[in-house]
Amino acid sequence: MPDLPTLTAEGSRVGVTFHRTFPLNRPGISAILNNSEGKTTKSDYRENTHLGTIYIEAMPHYARACGLMEFGSTKLTPLGQHVLAHDPSLSLPATQWLMHYHLSAPHGPGPRFWHDLTVRLPELGSSFGGTELTEEVGRSLEAEQGRTLAERSLRTCATVYAGTYTKSDGLGTLNLLQEAGDRYSLGDPEPVPSGVLAYALAHYWEGQYGSVQTRNLSDLSEPGGFGSLFFLSQFALNRALRGLAGQGVLELWLQAPPHQVTRPPTPAALLDGIYDD
């Protein structure tokens, strides 16, 4: 079997150093997805891709962290199969938003520090640097595992995160982060397609709320909640949810507070809507 990521106790996340010091690279992940069928060893990937040795280790980890490949194997997830059929180069905004979402989801499969950085970015101010990002990675690791890493390793995680969102061959076209010298600021993100938001909400609901049929609308827009994963204000999220209600994905109960939102269908039931936009 290929080299697998270090998992948390729950076995549902990649490890802290899954990236092997490389930021996300869409062409590299695409090469893995397009050559995953029947592959069981790193040698198989070396023979069928042009990826270097460390990329062959890192990119399957990224594929898992992005929700495209199953843990413990080279089999694609249903989402990975759907993406491969519709966007094998991983170039469409819908695909990249979903990769970002899975990396940042609070219940995995991305590393916990990725989620914590994503929801904390608006609190870092109008401009922040690698030092602030490194400190946030350290806080996240301490909170999750009660331990820390060497400063160099923490800094590498921060650099990998920032590079993923500023490089054009990563997720830079989403415009979540802007880079100016050695400083960063929040960008003006690309709109989130409604099909992506529906699928992500279904996945989020399963992981956070389980079989609960309704939640307060305010739960989704609170700081650090679902809307924060897409940098959506309360107004923007509510507008998007009204759109999903109009499509029959969910219901909004707004007659009296507390306003409620109903559980969407399963993620599998919403795959076909991802690329409708």
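The values are calculated or read from the model by the stated rules, or taken from the named source; none is laboratory data. Everything quoted here is computed from the prediction, not taken from an experiment. In this analysis, Cβ positions are derived from the backbone assuming ideal geometry, glycine residues included, and neighbour counts consider all displayed protein chains. Ligands, DNA and RNA are excluded from the accessible area calculation, which covers all protein heavy atoms including side chains. Shrake-Rupley method; radii C 1.70, N 1.55, O 1.52, S 1.80 Å.
Per-structure values
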item	result
Residue within the range 238-249 that is of a type in the set (A, V, I, L, M, F, W, C), farther than 19 Å from A94 by Cβ and in contact with a strand residue (DSSP E or B) (Cβ under 6 Å, 6 or more places away or on another chain) present	yes
Flag if G227 is without any contact (Cβ under 8 Å) to a residue 12 or more places away in the chain and over 18 Å from the mean Cα position of the chain (by Cα)	no
Some residue of the range 209-216 being open to solvent by less than 40 Å² (accessible area, probe 1.4 Å) and closer than 18 Å to T118 by Cβ	no
All positions within the range 84-142 that are among the hydroxyl-bearing types (S, T, Y), surrounded by 23 or more Cβ atoms within 10 Å (Cβ to Cβ) and over 20 Å from M59 (Cβ atoms)	T118
G224 being surrounded by fewer than 19 Cβ atoms within 10 Å (Cβ to Cβ), out of contact with any Pro (no Cβ under 9 Å at 6 or more places or on another chain), assigned to a loop (DSSP other than H, G, I, E, B) and assigned by the TED database to the domain that holds A200	no
